[in-house]
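Have a look at the structure below before the remarks.
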Amino acid sequence: MCFTLSAQEAAKPAQPGSVSQKQVGADAASQAELEKVGDCPRCPLVSQKKKQDTRYFSLDSAERRKVLLHRLTGWQAVYETVPGTMIDQARNFPKSWGRGFDGFGKRIGSQYGQFAAGEGIEFGFAAWRQEDPRYHRKATGGFGGRLGHSLAATFVTNDATGNKTIAGGRLLGIYGSWAVATAAWLAEEERNFRRYTINSSMNVLTKTGANVFREFWHDIKGKLFKKKSPTVPAPAGNTSSATVPAN
């Protein structure tokens with residue numbers, strides 16, 4: 001279940017033996033920050049006293065469906081399918097589809113079909129094993145630590161209690177999606193075990209790259225699209241300009 005702190009709860013005075021009002025406010029602020037990113041805005045990992053110490057919230061079936069719908073119709077569907085489509089178009093993969101508009105349509109349809117199949121397999125298996133299908137940004141620390149976190153997230157996730165476990169659903173989705181595509185719609189020259197092994201293993205890189213993107217895009221976006229502080233008229237008799245601090 002996901003839990004949020006209301007303004008009324010945050011404003012309540014601290015009771016003996018309870019979490020301090022200062023800590024409640026810190027939790028609320030941390031949650032508000034983490035809600036801006038990730039697969040499930042309602043279901044973040046909320047930072048506690050230490051940034052490495054987190055309180056974990058598992059997902060019920062309704063929340064899992066919400067996360068899945070968010071993926072299938074959100075930006076993740078774009079950055080996990082469009083780059084691959086452009087690469088396949090450039091290298092003419094599969095060759096029998098050609099490089100024209102017809103070939104491009106087949107490739108983008110194939111990419112999204114694999115993406116949807118993979119997500120469906122992952123979420124179904126993850127629900128059975130009580131794995132967390134979401135990616136949680138580390139968001140703090142140095143570049144190396146954050147990069148390592150995003151790379152490992154392809155293979156490791158959390159269980160219902162927040163402990164680390166093998167991301168069985170994610171890996172099954174990666175290889176299962178290519179099995180579906182190979183059997184259902186890929187060109188004849190790709191329908192053999194050797195090509196399946198190569199193609200599905202390349203899909204691991206796609207998922208890993210998506211995690212790296214999600215880890216750092218929030219920082220990159222903040223630097224690229226940072227709003228400039230507006231200039232306001234200076235008080236009478238003062239020739240210098242003043243700026244409003246950015247929020």
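The values are calculated or read from the model by the stated rules, or taken from the named source; none is laboratory data. Small disclaimer: the values here were computed from a predicted structure and weren't measured. We place every Cβ from the backbone using ideal geometry, glycine too, and count neighbours over all the protein chains shown.
So the values come out like this:
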quantity: Long-range neighbours under 6 Å by Cβ, at least six apart or interchain, first residue hydrophobic (A, V, I, L, M, F, W, C) within the range 86-110, second part of a helix (DSSP H, G or I); calculated: 97/103; 97/106; 104/89; 108/85
quantity: Filter result for the condition that a residue is within 21 Å of residue 79 (Cα to Cα), at pLDDT below 90 and not basic (Lys, Arg), over 236, 139; calculated: 139
quantity: Matching residues, the range 94-122, being surrounded by fewer than 19 Cβ atoms within 10 Å (Cβ to Cβ) and among the aromatic types (Phe, Trp, Tyr); calculated: 101, 104, 112
quantity: In the range 164-183, the residues that are in contact with a Gly (Cβ under 8 Å, 6 or more places away or on another chain) and either polar (S, T, N, Q) or without any contact (Cβ under 8 Å) to a residue 12 or more places away in the chain (or both); calculated: 177
quantity: Of the criteria (1) within 22 Å of residue 114 (Cβ to Cβ); (2) in contact with a Leu (Cβ under 8 Å, 6 or more places away or on another chain); (3) of a type outside the set (Ser, Thr, Tyr), which one residue 132 fails; calculated: (1)
quantity: Qualifying residue in the range 170-182 (condition: out of contact with any strand residue (DSSP E or B) (no Cβ under 8 Å at 6 or more places or on another chain), assigned to a loop (DSSP other than H, G, I, E, B) and closer than 22 Å to residue 106 by Cβ); calculated: no
quantity: Selected residue (criterion: surrounded by the fewest Cβ atoms within 10 Å (Cβ to Cβ)) from residues of the range 130-163 that are among the aliphatic types (A, V, I, L, M) and touching a residue at least 40 places away in the same chain (Cβ under 8 Å); calculated: 160
quantity: Tally of residues being closer than 19 Å to residue 66 by Cα and part of a helix (DSSP H, G or I) across the range 113-149; calculated: 15
